[in-house]
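Below is one structure, written out as structure tokens; comments come after it.
The values are calculated or read from the model by the stated rules, or taken from the named source; none is laboratory data. In this text, all values refer to a predicted model and were calculated from it rather than measured experimentally. As a convention, Cβ positions derive from the backbone with ideal geometry for all residues, glycine included, and neighbour counts pool all protein chains shown.
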2 protein chains.
Amino acid sequence: MTRPYNFSAGPAAMPEAVLRTAAAEMLDWHGSGMGVMEMSHRGKEFGAIYAQAEADLRELLAVPTHFKILFMQGGGLAENAIVPLNLSRGGAVDFVLTGSWSQKSAKEAQRYCQAHVAASAQDSHFTTLPDPATWQLRRDASYVHLCSNETIHGVEFHSLPELKALGSDAPLVIDFSSHVLSRPVDWSRVGLAFGGAQKNVGPAGVTLVVVREDLLGHALPACPSAFDYKTVADNGSMYNTPPTYAIYMAGLTFQWLKAQGGVVAMERRNVAKAELLYGFLDASSFYVNKVDKTCRSRMNVPFFLRDESRNEAFLTGAKARGLLQLKGHKSVGGMRASIYNAMPIEGVQALVDYLRDFEKEQA
Amino acid sequence: MTRPYNFSAGPAAMPEAVLRTAAAEMLDWHGSGMGVMEMSHRGKEFGAIYAQAEADLRELLAVPTHFKILFMQGGGLAENAIVPLNLSRGGAVDFVLTGSWSQKSAKEAQRYCQAHVAASAQDSHFTTLPDPATWQLRRDASYVHLCSNETIHGVEFHSLPELKALGSDAPLVIDFSSHVLSRPVDWSRVGLAFGGAQKNVGPAGVTLVVVREDLLGHALPACPSAFDYKTVADNGSMYNTPPTYAIYMAGLTFQWLKAQGGVVAMERRNVAKAELLYGFLDASSFYVNKVDKTCRSRMNVPFFLRDESRNEAFLTGAKARGLLQLKGHKSVGGMRASIYNAMPIEGVQALVDYLRDFEKEQA
């Protein structure tokens, strides 16, 4: 039996092979007599799982040795507070607003710093990215924040800006929640990257943070110890009990990604998947994607039926074809297909076939 | 094949039936075509899982309707900051120190309030509980904090104090991480209870918070939105993406507890298990438990070999008999048997049999 194709924006589809391994090891991990959920986080069994997951993530994303990898809790929304608690020093921070997620980040940061809007794409209803040459960066900013892939608006930075070339010495912070591991990261341009795992990595409940070592150790006094990056780093992400099972699942996904050829191979596939879907949408007069072609997300493809009275029929028909969770985010409406790493091109083809058939049927 | 008995203090053994269900449903939950990890937290499938888990917990612990149940992230250590961020109003808070966990709570709270030590059992090396009649409670305290079961020192409040009778109008906050659901809770004496799930409920990564409604809405400005109890409550624990799979596992455990007869039946079993183990230890001159008999934990039983040079041989022999994770916490040393709900009395009997045999063999 083929599983349905699941286009959820997150928590999202996981590789079938990963789920099968997890099911098989549920009661007994590698002959230890314990399931992974039942292991002390300080024991040698979980220690091995953790070390492997960290090493694999470092290898996959080519994270330099002067960056720490942290496994935390709270997701992207908690990081919206945790990042300024750790990095702002109570001063000014530049935000580039490109959709819902960067807007939320800027709003939350106001509790801890002067959140300054350096650029915003709101005028285009977040269908474009503001040209870095026009960003109003402050000289005194503690860091510059952007969301490198906006899950809701379907907008992606296909390359990261080089802040130095824009006259800023501040470190760049990126929220890469919804496209982490879909392509390589240029760490020479990044000070800190964070992302909830539930889109492209594993189950909800673990947050990845990759942070340059020199940025540690400046948390505000109000920062809870459990969310002080230096405390987390100094304790190998085990100051508080880590979300052990979620880390294990992320680790299985990292192993799967390596077996697929790593992030360079994934990027090739993701480009092909995105071209297939956007190509069909652009050629159709029945559907529309409104995002500028230069910054369309390869992961999250929001689209609309030009006649929105057909939305419900569309979703019902999709479900009958085994195409799940295509409804758009409530703040945007319409449809959204999230085509993360775990979505094979066959799933995108099945969606395109359905889009074509539905259009014909309704004509 | 019998699984080994796992005495880990947490993350800890889970009921085998719960793990089997989870493994069977890993790729397809109830014919939805999705595993639980792959479901949008806002979809109807996960909505049903969440609602059932919350209702079952409310039923099991007889939580009154004027208390909210929250599923959060960060564990007990994060709550050490989150509680004062939400409840202290920046004023004074009374702490009762009965072991490592309450000590950590008081220390972390100093970031946000005046943490006042109302009583401490440090002089007895945390082998007793300070008599409530001697507690120095402040008139102006925002709340009184205690840890109702100290996982490391093996000390338990067998009943909760009635603060009103002690002259305090402050709400009582209890950290019930390591004995939640092992016995009923007298909610008339409690304002807020919190607990990491990884000891007696489910996997690490979800934190239970049960809070009286009138205590919501007073968070300090520095409180991250994702940890503001009112925000969490108003959004049904879905302000940020909740740890969906951990909640599902907790829900399966709640179902299992109901099938076992609920917390009253579990308490009976836990008393029997504890009496079996403490009874053996007390009758032996080879082993010793140092905690006063009036406040011994039914969940965590620290004990020592009088001749500690035999510790390694003891642990090696235990493992060979399928008795896992008996090493004591590094801060206390010796051994520790955690005998949570998921530990059947057969496991405790197997441990007692081994204790007896090891003693004979070494004589």
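Of all the residues in segment A:169-187, those that are closer than 22 Å to A:ARG298 by Cβ and either of a type outside the set (Ser, Thr, Tyr) or without any contact (Cβ under 8 Å) to a residue 24 or more places away in the chain (or both) number 13.
Of the residues screened, A:ALA226 is not one that is at pLDDT 95 or above, within 20 Å of the chain's Cα centre (by Cα), assigned to a helix (DSSP H, G or I) and of a type in the set (A, V, I, L, M, F, W, C). Of the residues that make up segment A:93-104, is at least one in the same structural domain as A:ILE152 (by TED's automatic domain parsing), under 17 Å from A:SER331 (Cα atoms) and assigned to a loop (DSSP other than H, G, I, E, B)? Within segment A:93-104, one or more residues are in the same structural domain as A:ILE152 (by TED's automatic domain parsing), under 17 Å from A:SER331 (Cα atoms) and assigned to a loop (DSSP other than H, G, I, E, B).
Restricting B:ALA115, B:ALA165, B:ALA133 to those that are in contact with a Lys or Arg (Cβ under 9 Å, 6 or more places away or on another chain) and surrounded by fewer than 22 Cβ atoms within 10 Å (Cβ to Cβ) reduces the list to B:ALA115.
The condition of being part of a strand (DSSP E or B), among the hydrophobic types (A, V, I, L, M, F, W, C) and within 24 Å of B:ASP214 (Cβ to Cβ) holds for only one of B:VAL144, B:VAL117, that being B:VAL144. For segment A:278-335, a residue qualifies if it is of a type in the set (A, V, I, L, M), closer than 17 Å to A:GLY347 by Cβ and assigned to a strand (DSSP E or B), and the qualifying residues are A:VAL301, A:LEU323, A:LEU324, A:MET335.
Can B:ALA53 be described as assigned to a helix (DSSP H, G or I), more than 23 Å from A:THR241 (Cβ to Cβ), of a type in the set (A, V, I, L, M, F, W, C) and at pLDDT 95 or above? No; evaluated as a whole, the condition is false for this residue.
Counting only residues that are crowded, with 18+ Cβ neighbours inside 10 Å and not polar (S, T, N, Q), which one in segment B:268-280 is farthest from the chain's Cα centre (by Cα)? Going through the qualifying residues, I end up with B:PHE280. Scanning segment A:214-223 for residues that are more than 7 Å from every other protein chain (Cβ to nearest Cβ) and either in a helix (DSSP H, G or I) or among the aliphatic types (A, V, I, L, M) (or both), we see that the one that is nearest to B:GLN110 (Cα to Cα) is A:LEU220.
This table checks each residue for (1) at the interface with another protein chain (Cβ under 7 Å from one of its Cβ atoms); (2) closer than 26 Å to B:ALA342 by Cα; (3) surrounded by 24 or more Cβ atoms within 10 Å (Cβ to Cβ); (4) free of Cβ contacts under 8 Å to residues at least 12 places away in the same chain.
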{"position": "B:VAL209", "(1), (2), (3), (4)": "no, yes, no, no"}
{"position": "B:ARG212", "(1), (2), (3), (4)": "no, no, no, no"}
{"position": "B:ASP228", "(1), (2), (3), (4)": "no, no, no, no"}
{"position": "B:VAL232", "(1), (2), (3), (4)": "no, no, yes, no"}
{"position": "B:ASN235", "(1), (2), (3), (4)": "no, no, no, yes"}
{"position": "B:PRO242", "(1), (2), (3), (4)": "yes, yes, yes, no"}
{"position": "B:ILE247", "(1), (2), (3), (4)": "no, yes, yes, no"}
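In this structure, is B:GLY195 of a type in the set (Gly, Ala, Ser), more than 12 Å from the chain's Cα centre (by Cα) and buried (at least 24 other Cβ atoms within 10 Å of the Cβ)? For B:GLY195, the condition - of a type in the set (Gly, Ala, Ser), more than 12 Å from the chain's Cα centre (by Cα) and buried (at least 24 other Cβ atoms within 10 Å of the Cβ) - is not met.
Of the listed requirements (1) touching a helix residue (DSSP H, G or I) at 6+ places or on another chain (Cβ under 8 Å); (2) in contact (Cβ under 8 Å) with a residue 60 or more places away in the chain, A:VAL332 misses just one: (1). Total residues in segment B:304-340 satisfying the condition of being of a type in the set (Val, Ile, Thr) and at pLDDT below 95: the figure is 1. Determine whether segment B:72-87 contains at least one residue that is more than 29 Å from B:LEU257 (Cα to Cα), surrounded by fewer than 24 Cβ atoms within 10 Å (Cβ to Cβ) and either away from chain A (no Cβ under 14 Å) or in contact with a Lys or Arg (Cβ under 9 Å, 6 or more places away or on another chain) (or both). Looking through segment B:72-87, none of the residues is more than 29 Å from B:LEU257 (Cα to Cα), surrounded by fewer than 24 Cβ atoms within 10 Å (Cβ to Cβ) and either away from chain A (no Cβ under 14 Å) or in contact with a Lys or Arg (Cβ under 9 Å, 6 or more places away or on another chain) (or both). Considering every residue within segment A:77-84, establish whether at least one is among the polar types (S, T, N, Q), over 21 Å from B:ALA23 (Cα atoms), in a helix (DSSP H, G or I) and within 16 Å of the chain's Cα centre (by Cα). Yes, there is a match, as at least one residue in segment A:77-84 is among the polar types (S, T, N, Q), over 21 Å from B:ALA23 (Cα atoms), in a helix (DSSP H, G or I) and within 16 Å of the chain's Cα centre (by Cα).
Of the residues making up segment B:11-34, those that are among the small types (Gly, Ala, Ser) and within 7 Å of chain A (Cβ to nearest Cβ) are B:ALA12, B:ALA13, B:ALA22, B:ALA23, B:GLY33. The set of residues in segment A:56-66 being in contact (Cβ under 8 Å) with a residue 40 or more places away in the chain and either surrounded by fewer than 22 Cβ atoms within 10 Å (Cβ to Cβ) or outside the structural domain of A:TYR245 (by TED's automatic domain parsing) (or both) consists of A:ASP56, A:GLU59, A:LEU60, A:ALA62, A:VAL63, A:PRO64, A:HIS66. Of all the numbered requirements in (1) at pLDDT 95 or above; (2) surrounded by fewer than 24 Cβ atoms within 10 Å (Cβ to Cβ), A:LEU146 misses one, and that requirement is (2).
Pairs meeting the criteria (first residue in segment B:42-55 and assigned by TED's automatic domain parsing to the domain that holds B:GLU25 and among the polar types (S, T, N, Q), second residue part of a helix (DSSP H, G or I) and at pLDDT 95 or above, beta carbons under 9 Å, at least 6 apart or on different chains) are B:GLN52/B:GLY251; B:GLN52/B:PHE254; B:GLN52/B:GLN255. Note on segment A:249-271: among residues that are closer than 15 Å to A:GLY202 by Cα and small (Gly, Ala, Ser), the one that is nearest to the other protein chains (Cβ to nearest Cβ) is A:ALA250.
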